[in-house]
1. Using only alpha-carbon positions, what ratio does the radius of gyration of chain A give when scaled by 2.2 N^0.38 Å?
2. At R0 = 30 Å, how high is the FRET efficiency between B:Ser85 and A:Leu96 if r is their beta carbon distance? Nearest 0.05 is fine.
3. About the Cα centre of the stretch A:2-42, what is the dipole size in debye to 20, counting +1 per Lys and Arg Cβ and -1 per Asp and Glu Cβ, all else neutral?
4. On full extension of the chain, what length is gained from A:His77 through A:Arg111, given 0.36 nm per residue of separation minus the C-alpha to C-alpha distance?
5. Compute the FRET efficiency between A:Ala3 and B:Thr70 as 1/(1 + (r/R0)^6), taking r as their Cβ-Cβ distance and R0 = 35 Å, and round to the nearest 0.05.
6. Which entries of A:Lys36/B:Lys111; A:Lys52/B:Lys52; A:Lys36/B:Lys60; A:Lys19/B:Lys99; A:Lys9/A:Lys52; B:Lys77/B:Lys111 have Cα-Cα distances beyond 22 Å here?
7. Report, as an integer, the average count of C-beta atoms from other chains found within 10 Å of each Cβ along A:102-108.
8. From zero outward in steps of 10 Å, how is the percent of C-alpha pairs of chain B spread across the bins?
Amino acid sequence: DTAVSQTPKYLVTQMGNDKSIKCEQNLGHDTMYWYKQDSKKFLKIMFSYNNKELIINETVPNRFSPKSPDKAHLNLHINSLELGDSAVYFCASSPLAGLANVTQYFGPGTRLLVL
Amino acid sequence: GDSVTQMEGPVTLSEEAFLTINCTYTATGYPSLFWYVQYPGEGLQLLLKATKADDKGSNKGFEATYRKETTSFHLEKGSVQVSDSAVYFCALSDRNAGKSTFGDGTTLTVKP
């Protein structure tokens, strides 16, 4: 059973389009995250939700809007896609964020290419 | 704020060579320290972790010791294999910050 799953795995789209990436975890975790990994493999946190509530919102353009319908799902909607949005987007989950020794469990990634 | 500094890559080694990837950190509290590994085309997965000073994390022949005096958590393996080729991320988790902070990743290539 996949612990953290993302769809789609690959996404190729034109500039200006709107797209969504979905994430689901079946680990019973309270906290979920979105990360962006660029072509140099640098990993940057974008958002974090704890029990459907936004707790971390790093400096991300407001074209990116996360939505958590329940604590097992965290979707990412991107409006007006730009070339610079091309990257791999990872979803992750962990037990309660307030603990220091929590391990994060990552999904397989969504490879977004904006043309 | 918290930060993690990793040895810059890429690192290229021959099979059976000794590996060290340096990692140092700054944190306001008492963080837990992690190494994650990302194999080609996959997401990150936990390799090992240590939750307090002098703890040693180990897995798959890799080891790292939490050194509070030098604020370091260097990753070592005595004899690398081609299958160890991956990107390695050092990270810390700080209860005060409520999130994890990742280093920039170090790409390791092991040649037969």
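Read-outs: derived from the displayed coordinates by stated rules, not from any lab. Predicted model, so just to flag it, every value in this text is computed and none were measured. As a convention, Cβ positions derive from the backbone with ideal geometry for all residues, glycine included, and neighbour counts pool all protein chains shown.
1. Working: Rg = 13.4 Å, N = 115, 2.2 N^0.38 = 13.4 Å.
Taking the Cα Rg and dividing by 2.2 N^0.38 Å, one obtains 1.00.
2. Numbers: r = 34 Å, r/R0 = 1.14.
After rounding to 0.05, the efficiency reads 0.30.
3. Numbers: 6 positive and 4 negative charges, 47 e Å.
Here the size comes out at about 220 debye.
4. Working: separation 34, 0.36 × 34 = 12.24 nm, distance 1.45 nm.
Full extension from A:His77 to A:Arg111 adds 10.8 nm.
5. On the way: r = 35 Å, r/R0 = 0.99.
So, using R0 = 35 Å, E works out to roughly 0.50.
6. Numbers: A:Lys36/B:Lys111 29 Å; A:Lys52/B:Lys52 31 Å; A:Lys36/B:Lys60 28 Å; A:Lys19/B:Lys99 27 Å; A:Lys9/A:Lys52 24 Å; B:Lys77/B:Lys111 15 Å.
As for pairs spanning more than 22 Å Cα to Cα, those are A:Lys36/B:Lys111; A:Lys52/B:Lys52; A:Lys36/B:Lys60; A:Lys19/B:Lys99; A:Lys9/A:Lys52.
7. Mean number of neighbouring Cβ atoms from other chains: 6.
8. With a bin width of 10 Å, the distribution comes to 16, 50, 28, 6, 0.
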